[in-house]
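> I have a structure I would like to understand better, so I am pasting it below and will then ask my questions one at a time.
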Amino acid sequence: MHEDRNLMLDLIDFQLCAYNLMRSETLPPNCSGPWTVSAADQAAVDALLLSSLEVQSSLYHLGQYCGNWSASTSGRARASFHLILHGGCLVDVGAGRETLTLAAGDGIFFLRDIPHALTPLGLAAADGGRCAPMQPLLPRQADSTGLACGFFQFRPGLADLLADTLPDYLVLRADDERFHTARGVFELILGETARDPGASPVVLERLTDLLIFFMLRHLAIHDRQAYGLFVLARDPAMAGLLQAILAEPAKPWSMQDMADRVHMSKATFHRRFTLHGGTTPAQLLQLLRMRVARRYLSQGMGIQDAAERVGYQSQAAFSRVFQRTEGMAPSALRKRPPAP
C-alpha cells in the first residue's frame, strides 16, 4: 500500500508540460530546458522510424478549390494529411480548440482519425452556400487553394503502440526554421506538382512518406516524452512492458510489478528506464493510461466508465489528470462525434 501511495504521488506530480502537444498548433520546444540527443540514440530513433514504423502514404486527391468549399479526410478510421500547395485555408480541429490558419507550404498530419474540416479563408463553407467541387491543379486559378490530401499508415505491431501515444496531429510551418529539413522535402513535392503535364501520384506518395518521417523525427528530438518513448520501444523488454500496460491499464502497476515484468530488480529497472526514457515509470504510466482513456472517450464511452477502465475510481481525480495530460477536459472530447 505504501508503494502504491508513492506511485500515485508520482503520478500527481507528472510534469504539466509533458506530452501536452494539443495546447499548441505546432510542436513545442522542450519544456524541461536544453538537452542533447547522443548520436547513438539518434541513430536508434532513426532506425525505429525507418524500419519499424514503415510509413506508407496514399494520395486521396490532388487539385485546387475556388469559392466556397470544404475538405476533410475524417471518418475513415485512418491517419491522414493535408498539404497546402498554394493559397491558404482554415482548419477546424474541433473539441474547443482554436481554429488553425494554414498558408502555402504548410501542412497538417493527423496521426489518428479525428473530426476536422478545411475551409477557405474569409468564407465559411457552412454558411449555407453550395460547396464548389475540386478542380485540377493546373492551370492555377485566381484566389484558389491547392491541396494534396491523402492517408498514411504504420506497420501493425510496435507501430500501433507508438501511434497510440503520439499527439492527434502535427503541423508543419513553411516559415519555421525548426522544420528546415522537412521543408526541403516539401519543396520537392511542390516541384513535382508543378510538372507539366502533371504530377506522378507514386512520386508524391513516396515524398510524403519521407516528409512524415522528418516530422516524427523532429518530434522525437524536441519532445522528451516522445523521444523517451521511441528509445524505450527499441528495447524488446521495455516495449513488452509498454504493450502490457496498454492492454491492462486498470491494473495497479507498482514499480515492483513493472520491474518483475522485465525481470529486473526495482532499482535497476528504475535506473535503466529513466536513463533511456528520459522520464520516470510513473510518469509514462500516467501518459499511457490517459492515451487509452482518450481512445475510449472518442469511441463514445462515458467518463466514469473510461476512468474505471484505466484504474481510476474517482471521476474527479481522473478528470484532473486527463485535463493536465491531454490539454482538454474529458467532457470536451465526449462532445465529438463517436469514432467509426
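> If each residue's Cβ is checked for other Cβ atoms within 10 Å, how do Tyr169, Tyr296 rank with the fewest at the top?
Working: Tyr169 23, Tyr296 19.
By the 10 Å Cβ count, ascending: Tyr296, Tyr169.
> For the pair Ala329 and Val203, how long in nm is the line joining their label points, each one 7 Å along Cα→Cβ?
About 5.1 nm separates the two model spin labels.
> A further question follows. Need the full-extension length gain, Asp305 to Asp143, defined as separation in residues times 0.36 nm minus the C-alpha distance. One decimal, nm.
Numbers: separation 162, 0.36 × 162 = 58.32 nm, distance 4.86 nm.
Going from the current span to full extension adds 53.5 nm.
> If each residue of separation counts as 0.36 nm, what is the full-extension length gain between Arg78 and Gln315 once their alpha-carbon separation is subtracted?
Computed gain between Arg78 and Gln315 is 82.3 nm.
> Continuing with this model, one more query. Using 0.36 nm times the number of residues separating Ala132 and Ser265, minus their current alpha carbon distance, what extension gain do you get? Intermediate values should be presented prior to the final figure.
Working: separation 133, 0.36 × 133 = 47.88 nm, distance 6.35 nm.
Once the chain is fully extended between Ala132 and Ser265, it gains 41.5 nm.
> Same structure, new question: Beta carbons within 10 angstrom, averaged per residue: use that to sort the peptides 55-63, 190-198, highest first. Before the final figure, lay out the partial values.
On the way: 55-63: 17.2, 190-198: 12.9.
Going by the mean number of other Cβ atoms within 10 Å, highest first, we get 55-63, 190-198.
> Would you mind checking which residues have amide H under 5 Å from Asp113's amide H? H placed 1.01 Å from N; only 5 or more apart, or other chain.
Amide H neighbours of Asp113, under 5 Å, 5+ apart: Arg78.
> Could you list Glu326, Glu177, Glu187 so that the one with the fewest beta carbons within 10 Å of its beta carbon is first and the one with the most is last?
On the way: Glu326 25, Glu177 7, Glu187 13.
Going from least to most buried by this count: Glu177, Glu187, Glu326.
> At Asp196 and Gln153, where each label point lies 7 Å from the Cα along Cα→Cβ, what is the point-to-point distance in nanometres?
Between Asp196 and Gln153, the label points sit 3.9 nm apart.
Only the coordinates and a few stated rules stand behind these numbers; no lab work does. Owing to the predicted nature of the structure, the values given are computational and were not obtained by experimental measurement. Counting neighbours? That spans all protein chains shown, and the Cβs are built from the backbone with ideal geometry, glycine included.
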